[in-house]
1. Name the residues whose placed amide hydrogens come within less than 5 Å of the amide hydrogen of LEU27, ignoring near sequence neighbours (fewer than 5 apart) on the same chain.
2. Based only on other Cβ atoms within 10 Å, what is the fewest-to-most ordering of HIS49, HIS42?
3. Take THR12, THR44 and order them by how many other Cβ atoms sit within 10 Å, fewest up front.
4. Got a sec? Which residues in the stretch 13-56 would a label at ILE63 touch, if it sits 7 Å along Cα→Cβ and we count backbone N under 16 Å?
5. What does the charge count around TRP10 come to, taking other residues whose C-beta lies under 14 Å from its C-beta (Lys +1, Arg +1, Asp -1, Glu -1)?
6. Please arrange VAL48, VAL60, VAL22 by counting, for each residue, the other beta carbons lying within 10 Å of its beta carbon, fewest first.
Amino acid sequence: MAPATQQIIWTTEKDRKLLLFVLGRDLHPAEYRKIAASFSEHPTAAEVHQCLTLLRQRQVAVIQGMVGLAQPYTIIHGPLPEDRAAAEDGAARGE
């Protein structure tokens, strides 16, 4: 049985841990669940994807202001359909 999920509060420490998982590699949807399981709050795969997307947006915003610096190359794929559906179902129940 999967551990119960609870609302995760993304802190600088958790952001750092998440970034270390993806630094220099392509992150595929099936890996989101494994990464989520490494956090004590057990966020959903969709929450991991959402946080990574936000971090990428912040990264791109910082890089855009720098002349001659290449854009990020690590691909962040979307969550698996079943993970996306589970997140939507949890949101509908107010989780």
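Values quoted throughout were computed directly from the atomic coordinates according to the rules given, and no laboratory measurement underlies them. Model, not experiment: these values are computed from the prediction. Counting neighbours? That spans all protein chains shown, and the Cβs are built from the backbone with ideal geometry, glycine included.
1. ILE75, HIS77
2. Neighbour counts put them in this order, fewest first: HIS42, HIS49.
3. THR12, THR44
4. Counting only backbone N, you get 19-20, 22-27, 52-56.
5. With Lys, Arg at +1 and Asp, Glu at -1, the net is +1.
6. So the residues, fewest neighbours to most, are VAL60, VAL22, VAL48.
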